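Trainee: Quick one: structure below, then a few questions.
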Amino acid sequence: MQIPVPDLAAIRAIDDPVRRREAARAMAQAVTAQCRTIELDAEKELIKRHGSVSAAARELGFSPTALLKRHPGADRDTAPAGNGAAQAIPALRFATPEEAEAALQDWQLERADLDDERDQLLLGALAAGIDPVRIYELTGVPVDTITRLRPAGNITVSALADSDLDLLDDFARALHNHARARMDHATTQAERTAARIWQMVARSVIVNCAPGALVDPLPAEAYRDEETFVAAMTQSAQNKTDNETSDPTPDRVAMQGGPDAWLAKQSIQFRRIAQLPAASGKDLDTHPAISAAFTAIADAIAHLRRTGTLPTLQ
């Protein structure tokens with residue numbers, strides 16, 4: 001199949017505006033029709049390889065019903081236990097089913113992180129002057145989705161620059177001091193748990209964004225009784241948070257786009273954690289305090305990024 005290559009220069013050179021418009025429309029329709037055919041053929045091949053509309057729909061991000069509407073002649077689920085395709089690479093080896101389940105949970109968390117980061121990344125690219133079509137070419141995100149995300153007015157970009165080292169240091173110290181004050185005044189298990197969350201986040205911000213704000217080590221009690229804290233968020237979510245927020249590798253921040261990108265990612269994760277239900281009945285007393293702490297921290301980060309000024313910590 002030959003897809004016509006648009007001669008944009010020739011179309012722009014047409015002097016008559018009406019003829020120029022019609023030529024552009026004709027070329028767009030020709031390219032769109034052929035690309036649509038390629039798209040549908042690729043979907044048919046994917047259905048054939050899976051032997052299942054449901055499995056193909058999951059991979060494409062459709063519902064089975066939506067994919068069936070595009071391919072009404074396809075059988076919904078006809079796959080035998082193996083479609084006969086040659087395995088290109090070896091599967092991962094897991095010692096136990098539990099290890100495999102943990103790996104699947106980690107993979108899902110990583111996908112959730114990427115999904116949560118998508119909107120602010122796309123908006124940042126638009127604000128930087130990248131055309132929606134180019135964003136689609138680089139990411140595969142449909143142009144319609146990119147257009148839908150664009151606000152009616154100007155895109156609000158973070159006011160926090162990577163050069164704002166003094167501001168980052170002040171923010172880290174403010175988190176640390178607030179955490180100490182909460183711990184000093186805590187009288188219940190819920191208040192102590194919330195104070196520990198603030199302390200752990202302060203430590204992570206210092207390590208990843210503000211090494212110039214190094215302060216005296218936190219007291220030992222700040223790191224005790226983390227079982228309640230871990231259980232309230234689920235083990236896998238907490239493991240991921242610990243791994244990503246306390247990695248002291250200096251190049252990590254640079255790889256993620258600087259302190260602003262790191263803080264944005266943490267803010268998203270904290271809001272997701274705040275929405276998690278209590279892991280068990282014994283956590284019902286502390287869960288509201290945990291949720292409130294993560295929400296307040298996410299709000300503080302949002303204020304810092306939106307205004308470039310220190311937030312009032314609650």
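Each reported figure results from applying straightforward, stated rules to the coordinates on display, with no laboratory input. Bear in mind the structure is a predicted one, so any value in this text is a computation, not a measurement. Using ideal geometry, Cβ is built from the backbone for each residue, glycine included, and neighbour counts are taken over all protein chains shown.
Trainee: List, in order, the whole-Hz ³J(HN,Hα) value for each residue of the stretch 120-129 obtained from phi through the Karplus relation with A = 6.51, B = -1.76, C = 1.60 and θ = phi - 60°; use x for Gly and Pro.
Mentor: These are the phi-based 3J(HN,Hα) values: 5, 5, 5, 5, x, 5, 4, 5, 7, x Hz.
Trainee: Next question. With the Cα gyration tensor of the stretch 8-70 in hand, give its eigenvalues times 5 under a square root as the equivalent ellipsoid semi-axes, listed largest first in whole angstrom. Working shown, then result.
Mentor: Values: eigenvalues 293, 21, 12 Å².
For the stretch 8-70, the semi-axes come out at 38, 10, 8 Å.
Trainee: Stick to the Cα atoms of the stretch 97-149, pair each with every other, and give me the Kirkwood hydrodynamic radius in Å at one decimal. Write out the running numbers ahead of the final one.
Mentor: On the way: mean 1/r = 0.0799 Å⁻¹.
By the Kirkwood definition, the hydrodynamic radius is 12.5 Å.
Trainee: Given labels modelled 7 Å from the Cα in the Cβ direction, how far is it in nm from Phe94 to Leu276?
Mentor: Roughly 1.9 nm, to one decimal.
Trainee: As a footprinting exposure proxy, order Leu46, Leu8, Leu304 by other Cβ within 10 Å, with the fewest listed first. It would help to have the intermediate numbers written out before the result.
Mentor: Details: Leu46 17, Leu8 10, Leu304 24.
Going from sparsest to densest Cβ surroundings: Leu8, Leu46, Leu304.
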